[in-house]
Amino acid sequence: MFARIILESVRRNPRRKLLASIVLVLATAVAAATLTVALDEGNRLAREFESFGANIEVRPLADTVPLEIGGLDTRPVRRGAYLEEADLSRLKEIFWRNNIEGFAPFLPVPVTIEGRAGPIDTTLLGTWHRHEVALEGGNAFVTGVEATDPWWRVQGRWFADRAGECVVGQRLAERLGLGPGSLPRRVVLRSGSRQVPVQITGIVSTGGSEDDALTGPLELAQELGNLPGKYRSAVVTAWTKPEDAFGREDPKQMTPAEYDRWYCSPYAASIAEQVQQALPGSSARVVRRVEESEGQVLGRVSALFWLITLGALAAAVLGIGAMAASSAIERRSEVALMKALGANSGLLAWFFLAEQLAIALGGGAAGFGLGTLLARELGRLVFGTASTAQPILLPVVLAVAAAVVTAGSLGPLGRMVRLDPAPVLRGE
Amino acid sequence: MFWRILGRELKASRTRLGLALLVVASGAAVVSAAANLEFNIDGKLARTFRVFGANVVVTPSGPETRDPQAPRRKESGQATKVRRLGHPEDSLGFRGSMAPGDRPESEAVMPAAAWQAIAARHDPRIAGAAPYLYVAAHLDRVQTEVIVAGTDFARARPMNSWWKITGRWPAGGRGRDRAAEALVGSDVARILGLGPGGRFRVTCGGKTDTLVASGVLTAGGPEDNQIFVDLGTAQQLAGLPNEISLVQLSVAGFSGNIRAEMRALGTALPSVRVEPIPEFTQAEAALAAKIQLLLEATVGLILALTALGVLASMAALASDRRHDVGVMKAIGGATRRIVRLFLAEVGMLAAAGSLAGCALGFPLSNWISERAFGSGTAVQWEVVPLVAALMFGAALGGALPLRLLGRVRPAVILRGEGWNSQ
């Protein structure tokens, strides 16, 4: 009987119920979509920070002790410490291996360019452009400066990683009288008694010291510097969690349980520690300029989105509440009739509430679906990949919708219960 | 007559109208707050991104264009004080060892007048600027060379917000025994074995100075290998009383603003080279574009869904008016007039809702901006007509079905048949 009354009520007045449901669907869709975006957006924006380049630097441990002095090191290249290229594949074996987005080793070797302009002393910076790193299990990971330093711009084309090719820095190209039109150009590089002919395939501009140097395959630099299998420093781009209060604590003073938690959180510092453990003889440190600033910017942008989401939620709640209240007011004459027929007040109230809740749950579920769909498309539009649905939001959204509908109906319901049927039925 | 009927009607259904007003006003409030934030976001992001510090660097233009009157360094190799950063043989000068903004040609110096000219500019786009003079000095205790960077601490501090200082920033000036305060990079501090308060001597050419570490600096970059002192102290040590190596600028804005600023500086100071630090300018611009797109999409979503919600509420309100329409028609009301009456009601609702919504929305956006960015946001008045247009459109759109009601036969409705059927 109870269910039949509700069903009949919906069937007999579909338009009115439909409009009430649409309001509910739209309001919950706003709530679900903004919440889905807000829950996901922090992580996705954090990934966008990769465009700032590497956030962890690796140096030989032995090198950092005798003081590297901001570019004033005059030691000959063969002194100082080196790291083993073969170890680099271990970076994809650490606990947070999936957070390692890219890495690139560097080996600078002083060389002389023999050419028409006469011998010019410069540095050959050996690195990877797109290098295939063989991983355990037969997989390969392609990485290099393309991943770690995305702002490097090349006119012409990049060098191939296993060829006698290199790119020339912008300012060095000016000195050599090379323009984009005169590429590729063959030159001979000399280092000590070794000579290697190479092809210059592009002009690179980085805004850094690479503008005054040649950049080429790591193998080429190893050959010229007679340092087989070695590199001098490396950069790692890792997807990290911005530091919070816990992340800023000193791991050396943590209890073992805290240390485990810290180690298993993708803070830049804990990933750096794992990198350091994976590469024997290395010292890895966090580039605070990128890392610390990322935390600040992300914090602010997340706060902005959460607050806007809260605003949208508040508006949705008010809309749902108002809708519930006004549709309860609608039912005055029906209520009066039912009372006149002898329905008791409790049953009446329960009947109307059940009807409202049915609309709330149905509309809420539909709204959640619509909101999730919209959030997906929004993710695709902004980040290129669809946002993941947050099923956890469904019960939350439904509970909120039900609570708001109940709260909105309570006032009119109270009046309904006290309603005197006679004047209403007489049309007064 | 028209207004009297309208007035009576509003009074009679004030509860329901109040609820409709609540829907319109809350929708208008969130839409106006979101739109107001969206219009202001450019400037807020540009300011926020200045936590990344310098994004433009001013260096002396090449030696060939240098003013021949400028004091030159001594030619004797032994007295070379300001040497090449990123020496060809320096393996660590590359990728990672130099802060973005340090330049290989920093051996070249320029008159400090260039810095004064930049510092004197009242340009809202320049969020920060700091001069640097790099000097290669000798640490007597450990027999090592180290870079001593002279700067203006008050200027450098806000531009390097990521520096972690153990101890405190130098206060400037000299202590009792005339030891200059310095910020010592963590690697330098380690090999010197000193903490905050420790003293050490640096030598450059024939000059010696005693420094006291007021703080130890961790930056995860080349700064860890440098010693920062007051600009005057570094100039004295280098014997270059009026020279600097470079100026780092933090320019608020993205590619267009930065290019404009670089042009303006290049015109004002013809003898310098103004270059962006692409690592930061490009990454900032890319990230800002993403954040803006995300915000625009979210605001658009809220806007569209809220407008549709208001539309549906209005449609519900309109369908409640069916009974009134029937009565009015039965007593001879013209359909046009009845529709106009309802449209006036809806219009007033939209107007009142938009105004109340904006009145709520602007403080809301200001509060959000305050919480998120630490500074309030200006009211963008163009938001008001936008919100009003949106609410009017939604309200009138919702009232459209009423035009069909004009065709309704009063008898059907008055008999109560139109109430639950159709």
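Assorted remarks:
- Residue selected from region B:16-54 under the condition more than 24 Å from residue B:377 (Cβ to Cβ) and touching a residue at least 60 places away in the same chain (Cβ under 8 Å), by the criterion nearest to the chain's Cα centre (by Cα): B:53
- Just one of the listed residues (A:127, A:112) is out of contact with any Phe, Trp or Tyr (no Cβ under 9 Å at 6 or more places or on another chain) and at pLDDT 85 or above, namely A:112.
- Condition check for residue B:124: within 27 Å of residue A:294 (Cβ to Cβ), away from chain A (no Cβ under 14 Å) and not in a strand (DSSP E or B): yes
- Among residues of region B:355-400 being more than 9 Å from every other protein chain (Cβ to nearest Cβ) and either touching a strand residue (DSSP E or B) at 6+ places or on another chain (Cβ under 8 Å) or hydroxyl-bearing (Ser, Thr, Tyr) (or both), the one that is surrounded by the most Cβ atoms within 10 Å (Cβ to Cβ) is B:377.
- Residue check for residue B:142: farther than 23 Å from residue B:52 by Cβ, outside any loop (DSSP other than H, G, I, E, B) and either touching a residue at least 40 places away in the same chain (Cβ under 8 Å) or within 14 Å of another protein chain (Cβ to nearest Cβ) (or both): no
- Residues (more than 9 Å from every other protein chain (Cβ to nearest Cβ), surrounded by fewer than 24 Cβ atoms within 10 Å (Cβ to Cβ) and among the aliphatic types (A, V, I, L, M)) located in region B:1-34: B:1, B:5, B:6, B:10, B:12, B:17
- On inspection, residue B:315 fails the criterion of being surrounded by fewer than 20 Cβ atoms within 10 Å (Cβ to Cβ), out of contact with any Phe, Trp or Tyr (no Cβ under 6 Å at 6 or more places or on another chain), at pLDDT below 85 and at the interface with chain A (Cβ under 7 Å from one of its Cβ atoms).
- Scan of region A:377-395 for residues that are more than 10 Å from every other protein chain (Cβ to nearest Cβ) and touching a residue at least 24 places away in the same chain (Cβ under 8 Å), ordered by number: A:387, A:388, A:389, A:390, A:393, A:394
- Residue within region B:328-346 that is among the aliphatic types (A, V, I, L, M), in a helix (DSSP H, G or I) and under 22 Å from residue A:29 (Cβ atoms) present: no
- Among the helices (runs of 4 or more DSSP H) confined to region A:239-343, the ones with at least 1 residues that are under 30 Å from residue A:361 (Cα atoms) and among the small types (Gly, Ala, Ser) are located at A:288-330, A:332-340.
- Between A:136, A:85, the distinction of being more than 10 Å from chain B (Cβ to nearest Cβ) and modelled with pLDDT of 85 or more belongs to A:85 only.
- Selection from region B:199-231 of residues that are aliphatic (A, V, I, L, M) and either surrounded by fewer than 19 Cβ atoms within 10 Å (Cβ to Cβ) or within 11 Å of chain A (Cβ to nearest Cβ) (or both): B:217, B:219, B:227
- Residues being within 9 Å of chain B (Cβ to nearest Cβ) and either surrounded by fewer than 24 Cβ atoms within 10 Å (Cβ to Cβ) or not in a helix (DSSP H, G or I) (or both) - total across region A:32-48: 4
- Tallying residues that are out of contact with any helix residue (DSSP H, G or I) (no Cβ under 6 Å at 6 or more places or on another chain) and surrounded by fewer than 20 Cβ atoms within 10 Å (Cβ to Cβ) within region A:231-240 yields 0.
- Whichever residue in region B:246-255 is small (Gly, Ala, Ser) and at pLDDT below 85 and, among such residues, is surrounded by the most Cβ atoms within 10 Å (Cβ to Cβ): B:253
- Scanning region A:164-184 for residues that are in contact (Cβ under 8 Å) with a residue 60 or more places away in the chain and either of a type in the set (Val, Ile, Thr) or buried (at least 17 other Cβ atoms within 10 Å of the Cβ) (or both) yields one hit, A:176.
- Condition check for residue B:360: aliphatic (A, V, I, L, M) and over 30 Å from residue B:45 (Cα atoms): no
- Residue in region B:182-203 that is of a type in the set (Ser, Thr, Tyr), over 23 Å from residue B:119 (Cα atoms) and in contact (Cβ under 8 Å) with a residue 12 or more places away in the chain present: yes
- Of note, residue B:267 does not satisfy the criterion of being of a type in the set (Ser, Thr, Tyr), within 14 Å of chain A (Cβ to nearest Cβ) and surrounded by fewer than 21 Cβ atoms within 10 Å (Cβ to Cβ).
- Within region A:129-155, tally of residues that are touching an Asp or Glu at 6+ places or on another chain (Cβ under 6 Å), under 28 Å from residue A:190 (Cβ atoms) and crowded, with 17+ Cβ neighbours inside 10 Å: 2
The values are calculated or read from the model by the stated rules, or taken from the named source; none is laboratory data. If you're wondering where the values come from, they're calculated on a predicted model, not measured in any experiment. Note that each Cβ is placed from the backbone with ideal geometry, even for glycine, and that neighbours are counted across all protein chains shown.
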